[in-house]
Amino acid sequence: VAAHWEEASRRHRMLVDASIFTDMGREFKSTYPACIAFKAAELQDPELAKKYLRRLREAAAAEHRFIHKVEVQAELAEEVGFDRERFLADIESGRAEKEFRKDLAICRDEEVSGFPSFAIRRVSDGETLRFDFYMSSIAMIEQFHRLVGDELVARELNPTKENILAFVGKYGKVAVREVGELFMIAFGDAREKLDALVEEGKLERQQAGNGVFYLKAS
């Protein structure tokens, strides 16, 4: 798995620390505990839980954090803004796992077997497009247009300093590839714009895995 992550990172250019796989050793048994932690977050605040899910991914993929451990899950939940005691209570009581099992049942009913999987559903009549593979953001936008036609109007996003800073502020920390993907600019151009904001003192770099995150300057 470590070798696969390193090879994939060279292609998608997102941050990874593949050494986590060897360092976890035999103590890692399942991804289910992290999934259950996300459901515990969702029980408190569905919108904030999205930020927590991202935080789990950052921690596992690039920060060498063992997110299958409940103490790490709780630390990250508290960092994002959740009530730590309620979070732990929902895990310990089994309430979060019950919600997770409901999601598993939906996946099995829908015969989901690939990762990532997407379902785009038109609200008016329920017509759904399903994808069980990775696709670029441009390809996904094309699928949205295929489903709703001219009813979907894209919001123009220009890679201005203000827009980039707003993006960083929303997610806390971002990678170069994410900025490039959102604003549809080349990887090198995205890095140049982020580095310029570092020089201005508005952003700072944080080493993580085989690259850096950019975050608001403290």
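For SER113, indicate whether it is in contact with an Asp or Glu (Cβ under 9 Å, 6 or more places away or on another chain) and either free of Cβ contacts under 8 Å to residues at least 40 places away in the same chain or open to solvent by 70 Å² or more (accessible area, probe 1.4 Å) (or both). In short, yes. Taking segment 1-31 as the range and being in a loop (DSSP other than H, G, I, E, B) and surrounded by 12 or more Cβ atoms within 10 Å (Cβ to Cβ) as the test, the residues that pass are ARG13, MET14, LEU15, VAL16, ASP17, ALA18, PHE28. Scanning segment 155-172 for residues that are polar (S, T, N, Q), modelled with pLDDT under 95, over 25 Å from ASP17 (Cβ atoms) and surrounded by 13 or more Cβ atoms within 10 Å (Cβ to Cβ) turns up nothing. Each residue in segment 149-181 was checked for being touching a Leu at 6+ places or on another chain (Cβ under 7 Å), in contact (Cβ under 8 Å) with a residue 24 or more places away in the chain and of a type outside the set (A, V, I, L, M), and 3 of them qualify.
Out of GLU99, GLU79, GLU47, GLU85, I need the residue that is of a type in the set (Asp, Glu), assigned to a helix (DSSP H, G or I), in contact (Cβ under 8 Å) with a residue 12 or more places away in the chain and open to solvent by 60 Å² or more (accessible area, probe 1.4 Å). Which one? Testing whether each residue is of a type in the set (Asp, Glu), assigned to a helix (DSSP H, G or I), in contact (Cβ under 8 Å) with a residue 12 or more places away in the chain and open to solvent by 60 Å² or more (accessible area, probe 1.4 Å) leaves just GLU79. Pairing each residue of segment 124-135 that is open to solvent by less than 90 Å² (accessible area, probe 1.4 Å) with any residue that is of a type in the set (S, T, N, Q) and not in a loop (DSSP other than H, G, I, E, B), provided the two are 6+ apart or on different chains, yields C-beta distances under 7 Å for LEU129/GLN143. Criterion first (part of a helix (DSSP H, G or I), under 30 Å from ALA3 (Cβ atoms) and acidic (Asp, Glu)) does GLU71 satisfy it? Taking the combined requirement at face value, the residue satisfies it.
Restricted to segment 187-213, and to residues there that are of a type in the set (Asp, Glu) and open to solvent by 50 Å² or more (accessible area, probe 1.4 Å), the residue that is nearest to ILE141 (Cα to Cα) is ASP189. The condition of being more than 24 Å from ALA34 (Cα to Cα), open to solvent by 80 Å² or more (accessible area, probe 1.4 Å) and free of Cβ contacts under 8 Å to residues at least 60 places away in the same chain holds for only one of MET184, MET140, that being MET184. Of all residues in segment 50-76, those that are of a type in the set (Phe, Trp, Tyr) and either at pLDDT below 95 or buried (at least 18 other Cβ atoms within 10 Å of the Cβ) (or both) total 1.
Of all the criteria given as (1) in contact (Cβ under 8 Å) with a residue 12 or more places away in the chain; (2) over 21 Å from ALA62 (Cβ atoms), the one not satisfied by ARG191 is (2). Pairs are defined by a Cβ separation below 9 Å, a sequence spacing of at least 6 or placement on different chains, a first member in segment 52-71 that is hydroxyl-bearing (Ser, Thr, Tyr), and a second member that is part of a loop (DSSP other than H, G, I, E, B) and open to solvent by less than 40 Å² (accessible area, probe 1.4 Å); the pairs so defined are TYR52/PHE82.
The values are calculated or read from the model by the stated rules, or taken from the named source; none is laboratory data. Quick caveat: nothing in here was measured; it's all calculated off a predicted structure. Glycine gets a Cβ as well: all are built from the backbone with ideal geometry, and neighbour counts include every protein chain shown. In case anyone asks, the SASA skips ligands and DNA or RNA and just uses the protein heavy atoms, side chains included. Shrake-Rupley method; radii C 1.70, N 1.55, O 1.52, S 1.80 Å.
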